[in-house]
Amino acid sequence: MEKDMKDLQDKKEQILSEVENYAKAEYELARLQVIDNTSRVVGALLLTICLILIAFAVLAFCAAAAVVALAQYVPTWAACLIVGAVYLLLIPLLIACSKQLFTDPIVSKLSGLKNSEELKYATLRAEGRAAVQRERMNGHVRFAQAMYDHYAQLAQTAWSTIRSLFRK
C-alpha cells in the first residue's frame with residue numbers, strides 16, 4: 001500500500017513535470033507564431049512604404065515631363081493645370097478600384113507570406129513538441145484516472161468490509 005502511494009506520488013510529480021514541459025512548448029509555439037506574424041506585417045508595411053515612395057517619384061517625373069511636353073503647345077501655367085486636372089480625375093478611379101489595387105494584394109501577402117525558412121522550421125519543431133507533450137499528458141491523465149478509480153474501489157471495498165464487520 002505504501003509502495004502504491006509512493007508510486008502515485010512519483011506519477012504525480014511526473015505529471016506536473018509534463019504539464020510544465022507542455023506549457024513551455026505551447027509558450028514557445030505562441031512566441032514563434034507572434035514573431036512570424038509580426039515579421040510578415042512589418043515586411044509588408046515596409047514594402048508598401050517603398051512602393052508608395054517609388055510610385056510618387058515616378059508620377060512626379062511623369063508629371064514634369066507632361067508639363068514640359070504640353071508647354072510647347074500651350075502656356076506653361078495651362079500645361080500645369082491640365083496635368084493637375086488629370087491627377088484629380090485619377091482620384092475617383094483609385095477610390096473605386098482601391099479594393100482590387102490595394103486591399104486584396106496586402107491581405108494576400110499578409111496571409112500567405114512565409115519569409116523565413118528557419119522560422120518556419122522552428123515553428124514546426126515547436127508544434128511537434130507541443131503535440132508530443134499533449135499525448136504524454138493524455139497518457140498521464142488516463143493513468144491518474146485509473147489509479148484514482150483503483151484506490152476509490154479499494155476504499156469502497158474497505159469501507160464495506162468494515163461496515164459488515166460491525167453489523168455482525
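Taking the criterion of being at pLDDT 75 or above, out of contact with any helix residue (DSSP H, G or I) (no Cβ under 7 Å at 6 or more places or on another chain), part of a helix (DSSP H, G or I) and among the aromatic types (Phe, Trp, Tyr), would at least one residue in segment 114-129 satisfy it? No, segment 114-129 contains no residue that is at pLDDT 75 or above, out of contact with any helix residue (DSSP H, G or I) (no Cβ under 7 Å at 6 or more places or on another chain), part of a helix (DSSP H, G or I) and among the aromatic types (Phe, Trp, Tyr). Scanning segment 68-109 for residues that are surrounded by 10 or more Cβ atoms within 10 Å (Cβ to Cβ), outside any helix (DSSP H, G or I) and either at pLDDT 85 or above or touching a strand residue (DSSP E or B) at 6+ places or on another chain (Cβ under 6 Å) (or both) gives ALA71, VAL74, PRO75.
Got at least one residue in segment 148-165 being in a helix (DSSP H, G or I), of a type outside the set (A, V, I, L, M) and within 30 Å of TYR27 (Cβ to Cβ)? Yes; the residues of segment 148-165 include at least one that is in a helix (DSSP H, G or I), of a type outside the set (A, V, I, L, M) and within 30 Å of TYR27 (Cβ to Cβ).
Among LEU32, LEU46, which is modelled with pLDDT of 80 or more, aliphatic (A, V, I, L, M) and more than 30 Å from GLU135 (Cβ to Cβ)?
Numbers: LEU32 fails: more than 30 Å from GLU135 (Cβ to Cβ).
Only one candidate passes the filter, namely LEU46.
Close Cβ contacts (under 8 Å, 6 or more residues apart or on different chains) running from residues in segment 1-22 that are at positive phi to residues that are of a type in the set (Ser, Thr, Tyr) and modelled with pLDDT of 80 or more are absent. Each residue in segment 8-41 was checked for being touching a helix residue (DSSP H, G or I) at 6+ places or on another chain (Cβ under 9 Å), more than 12 Å from GLU127 (Cα to Cα) and among the polar types (S, T, N, Q), and 4 of them qualify.
The values are calculated or read from the model by the stated rules, or taken from the named source; none is laboratory data. Note that the coordinates shown come from a computational prediction; the quantities given were computed from them, not determined experimentally. As a convention, Cβ positions derive from the backbone with ideal geometry for all residues, glycine included, and neighbour counts pool all protein chains shown.
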